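Read-outs: derived from the displayed coordinates by stated rules, not from any lab. A quick note: this is a predicted structure, and the numbers were derived from the prediction, not measured. Because the Cβ atoms are built from the backbone with ideal geometry, glycine has one as well, and the counts that use them run over all protein chains shown.
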Amino acid sequence: MADLFRFLLGFRKLTVMLLFLITMILFRIFNYIDGAQFAENLQLAVVAFFGANIGEHLLNLGKEFIKSKLKDNNDNS
């Protein structure tokens, strides 16, 4: 069970996006939303998904940069 949880944790944004997509498709099939609402919600979700991925990667780059600078400072001391 712990392995499954670790696997899902690595794909948490993708999992949420897929669940959202399935929900939107079901809402559209059962006519809870119209085509324009479907497209608008999907557009917002995709932008948020890519924005979160870009933000995560930028944070990781920043962390690596700071770690390398701290290592360089410690090596020079």
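Here is how the numbers come out for the structure above:
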read-out: Segment 4-52: chymotrypsin sites (Phe, Trp or Tyr not before Pro) falling in loop per DSSP and having at most 15 other Cβ within 10 Å; value: Phe11, Phe30, Tyr32
read-out: Label point distance in nm, Leu26-Leu42, each placed 7 Å from Cα along Cα→Cβ; value: 1.8 nm
read-out: Mean projected area (nm²) of the alpha-carbon convex hull when the chain is viewed from all directions; value: 7.4 nm²
read-out: Charge-dipole axis of the chain as Lys and Arg at +1 and Asp and Glu at -1 on Cβ define it, positive-most pick from Phe50, Thr23, Phe11; value: Phe11
